[in-house]
Structure formats: structure tokens, C-alpha cells
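Here the structure is laid out as C-alpha cells; the discussion comes afterwards.
A short reminder: the numbers here are calculations on the coordinates, not readings from a lab. Predicted, not measured: the structure shown is a model, and the values here were computed from it. Neighbour counts run over all protein chains shown; Cβ positions are idealised from the backbone, glycine included.
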Amino acid sequence: MAMSGAKFEVVKFNGEGNFGLWQTRVKDLLAQQGILKALQSTKPASMEDEDWEELQQRATGTIRLCLADDIMYHVMDLTSPREIWSKLESQFMS
């Protein structure tokens, strides 16, 4: 599948505003990049370990790029997109 070259931008989450709305936009961004499955807690059986690791790294980077510095500081030591997602949900989901 060819990438369309379309650019998507998500406003960086800074701890204020609607976390659920931001979360939905980031999920949409991950889906557009074809890496949404990285939020699963386990690697799909059909996927090679190396491909899963790359998918995890790409998703982790995408999520972090959608965070303001003050928020990223709290998740920068986490290496799994699922860990980052869960920590953000526990802190900001009302």
C-alpha cells in the first residue's frame, strides 16, 4: 500500500483540555501510520520479533511527539507504547 504523503498534526497534550479527545486523535494518527496494533499488550503471533520491536519503537515515538515537554518528562523512561498509553490514561482520564 502506498503512503499518500498526507500530513497529520495533533496538538501536543499538555495536561489540560480533553484527554479523551487527544487520545482519539493520536489513535487515528497511529492508524494512519499503520502502527495502531502496537498498542496491543502482546505481539501478534503472525509477526516477527524484529518487526514487532520496530512497530513498538515507531508508535512510542509518535505518541511522545504528541506530548508537551512537561508531560513527556513523566513517560520518557517507558519503552512500550502500551505502558505510555496506560500511564497517561491513569493520570489524565477523568
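Brief remarks on what is shown
- Multiplying each eigenvalue of the alpha-carbon gyration tensor of region 52-94 by 5 and taking the square root yields semi-axes of 17, 12, 8 Å, largest first, rounded to whole angstroms.
- Of all lysines in the structure, those lying under 23 Å Cα to Cα from Lys87, and not within fewer than 8 positions of it along the same chain, are Lys12, Lys27, Lys37, Lys43.
- Label assignment, Cα extents along the principal axes in Å derived from the structure, set [x] 51, 23, 20; [y] 38, 29, 21; [z] 59, 23, 20: [y]
- Residue of Ala38, Ala59, Ala68 that the Gaussian network model of the chain assigns the largest fluctuation, springs spanning Cα pairs under 10 Å: Ala68
- Cβ-placed point charges (K, R +1; D, E -1), dipole of the chain about Cα centre in debye, nearest 20: 340 debye
- Label-to-label distance, nm, for residues given as Glu83 and Lys27 (7 Å Cα→Cβ offset): 2.3 nm
- Helix 81-92 and the longest principal axis of the C-alpha atoms of the chain enclose an angle of approximately 20°.
- Rounded tilt (10° steps) of 49-65 against the dominant C-alpha axis of the chain: 20 degrees
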